[in-house]
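Structure, as structure tokens:
The values are calculated or read from the model by the stated rules, or taken from the named source; none is laboratory data. Not measured: the values here are computed from a predicted model. Here Cβ is always computed from backbone atoms with ideal geometry, including for glycine, and neighbour counts include all displayed protein chains.
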Amino acid sequence: MIDISTGHNTGLAKVVAQYSEDIFMFNQPLVLRLKNCGENRRLRQVRNLYQKLLMKSIKILFLYALFTGRLCAQNYSVGDTLYVVAINGLNLRESPNLTAPKVAGLNNGEKVVTIESEKFIEDKIDGFHGQWVRVHSIDSNLDGFVFDAFISRYPALTQFASIQGFIDNNWNDHDLYSFLPKMLEEYTLKVFKPEGCEVYYSNGSDGESNYSISIRQLNKNATLIKHGASEGSGTELELLNPRISEVYYLIKNIVKFIPPEILTLDDEKLKAEEDYGQVYAKAGDYPFVIRIAYKGDNLVSIIFFNACC
């Protein structure tokens with residue numbers, strides 16, 4: 001891990017790392033030092049990002065760049081293994097339309113393999129633009145057609161250890177501040193594998209941190225980002241080129257374990273690309289935020305953040 005923290009008394013960053021180094025001085029009492037652990041795309045981006053961020057006051061910051069229509073494109077190929085993410089499962093059909101006879105029922109979380117790409121038929125179902133695609137069901141060993149908004153590169157988990165105690169206690173004394181960011185982190189660490197170095201930054205002085213961030217590069221071109229601040233904290237999962245439906249169902253398949261009287265989502269906004277950057281969660285009196293943020297270069301972040309004040 002690359003540790004970038006503020007030293008006591010001096011206000012300068014202390015760093016413990018290895019190999020070659022890049023050191024940056026800014027117009028404030030901070031030295032940012034990144035130690036390179038081999039060639040790493042994320043470290044280069046982080047270095048450039050902080051060079052911009054640290055010229056301003058460090059606050060909780062999400063950069064939005066709206067690129068309408070970017071999240072509808074097909075992002076899989078023949079032979080790819082995808083996962084059924086429709087909450088109540090999915091019908092495998094004989095031909096590519098909703099009235100075609102049903103071949104089999106596919107369960108949420110079930111694996112399918114795409115087997116045909118030359119005869120994709122575009123459609124719009126349940127608010128999603130997408131395509132009918134022919135797949136092979138691994139569990140039933142049958143072939144058929146499904147609408148691709150209901151399958152994803154990102155699987156649905158069957159349980160979350162981070163909320164098991166609340167489930168066992170019938171959700172009495174639940175604490176959204178505690179478990180929701182942990183659920184996104186748990187999902188991320190189960191679905192993706194860490195790669196390369198972890199970068200940590202804090203701008204606190206004399207041991208009191210006002211803002212901190214840790215960034216961990218993952219496989220599948222994903223990144224785990226953890227935010228901490230005096231105003232709150234949160235977890236961010238950054239994905240490369242996801243479809244709208246993949247983002248939607250990734251979030252839905254996490255929060256489906258939470259009773260609706262505790263947490264509800266604004267489904268219509270969650271499906272509408274032009275509304276990205278808005279708040280999608282309502283958690284009673286809790287000022288909890290679920291956001292989707294465009295960050296440019298086909299990068300999209302899912303952010304579970306709680307604001308304490």
Check your understanding: From the list VAL103, VAL112, VAL146, which residue is out of contact with any helix residue (DSSP H, G or I) (no Cβ under 9 Å at 6 or more places or on another chain), assigned to a strand (DSSP E or B) and more than 18 Å from GLY79 (Cα to Cα)?
Key -> VAL103
**Study point:** Of all residues making up segment 81-113, the number that are over 16 Å from GLU246 (Cα atoms) and polar (S, T, N, Q)
**Key:** 5
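Can you find a residue that is part of a strand (DSSP E or B), crowded, with 17+ Cβ neighbours inside 10 Å and modelled with pLDDT of 90 or more anywhere in segment 65-82?
yes
Suppose the filter is of a type in the set (A, V, I, L, M, F, W, C), modelled with pLDDT of 80 or more and farther than 23 Å from PHE166 by Cβ; does LEU250 pass it?
In short, no.
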Study note, to complete from the structure: Among residues of segment 176-234 being on the phi < 0 side of the Ramachandran plot and basic (Lys, Arg), the residue modelled with the lowest pLDDT is LYS182
Review point. Can you name every residue in segment 136-160 that is β-branched (Val, Ile, Thr) and under 26 Å from the mean Cα position of the chain (by Cα)?
Key: VAL146, ILE151, THR158
